[in-house]
1. What spacing in nm lies between the two simple spin-label points modelled at residue 113 and residue 22, each 7 Å away from Cα in the Cβ direction?
2. Taking a ≥ b ≥ c as the square roots of the Cα gyration tensor eigenvalues, with a/c under 1.5 meaning rounded and otherwise prolate when a/b beats b/c, else oblate, which class fits the range 116-157?
3. Which of these, 53, 93, 83, has the largest mean-square fluctuation under a Gaussian network model of the chain (Cα springs below 10 Å)?
4. Considering amide H positions built from the backbone, and no H for Pro or chain starts, which residues 5 or more places from residue 194, or on another chain, come under 5 Å of its amide H?
5. With a 1.4 Å probe and every protein chain left in place, work out the accessible area per residue of the range 134-206 in Å², rounded to a whole number.
6. Tally up the carbon and sulfur contribution to the accessible surface of the chain as a whole percent, 1.4 Å probe, everything protein left in place.
7. Using a ≥ b ≥ c from the Cα gyration tensor of the range 86-127 (square roots of the eigenvalues), is it rounded, prolate or oblate, where a/c under 1.5 gives rounded and otherwise the larger of a/b and b/c decides, a/b for prolate?
8. Expressed as a fraction of 2.2 N^0.38 Å, the rule-of-thumb size for a compact globular protein of N residues, what is the C-alpha radius of gyration of the range 114-206?
Amino acid sequence: MKGFFYSLVFALVCTGCVRQPSLPKDSQHNVTSMLNDSVWYGTGQVLRLKERTERIEDVRQFNLLVYTDIDYPGMGVGPNPNTSNGCLDPECTKTQALMIFNIPLKKGRFKISNLNKRRKLNNEYANLSYIGNSGGLVKRYIDQGLKPSWVSVTKVDKAAGIVEGRFAISFNEDMSVYGRLRNGMPETARFTSGLFRIKITDVIIR
């Protein structure tokens, strides 16, 4: 009986030690995922916003912004040349943006709905936006209670200023977007197997 107890304790401890999936060291992009079973990738930023009077060590959350130039149905032809490098080039033709706000700067898994509740501004809620050639919003997906829908911080390297994490997010199309693009795309956008490794960028709020 005692042996069984120790075995059980060992198994529970090891369960917490299972290595989390992480972005391969040689990954070309700092964010990768699957979106509705298709490969999705982009260039992400981890933004740590601070007031002028705040100490940087007192800022304990960040925003995750990811841009890509992957085409989508109905994008059409625009004035900018189409690119397909996941926005590695800052001058890329941005077609999609994934934004998650108010993520705690510590290890843990956080529900998207709870992060949305932390917002201080009305537009600070997680979303996937499709962008037109002129830069305007043509379609948006937001959290409306579908599962799974979370982001996880798996490592914070304070010395290097790098954050690593995972995400699995299920969005519904925001039907309130005026003049939204009707292009036969699914009403849900499901991110699975999402991974990121990004250096923190500090932004002083003026």
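The values are calculated or read from the model by the stated rules, or taken from the named source; none is laboratory data. Model, not experiment: these values are computed from the prediction. Methodologically, a virtual Cβ is constructed for each residue, glycine included, from the backbone with ideal geometry; neighbour enumeration extends over all protein chains shown. Just so you know, the surface numbers come from the protein's heavy atoms only, side chains and all, with ligands and any DNA or RNA stripped out. Shrake-Rupley method; radii C 1.70, N 1.55, O 1.52, S 1.80 Å.
1. 3.2 nm
2. Working: a/c = 1.79, a/b = 1.64, b/c = 1.10.
Verdict is prolate for the range 116-157.
3. 53
4. When sequence neighbours closer than 5 places are left aside, the close amide H contacts are 34, 167.
5. Details: 3910 Å² over 73 residues.
Averaged over the residues of the range 134-206, the accessible area is 54 Å².
6. Working: 6650 of 12270 Å².
Result for the chain: 54 percent of the exposed heavy-atom area is carbon or sulfur.
7. The shape class here is prolate.
8. On the way: Rg = 15.6 Å, N = 93, 2.2 N^0.38 = 12.3 Å.
Its radius of gyration relative to the 2.2 N^0.38 Å reference: 1.27.
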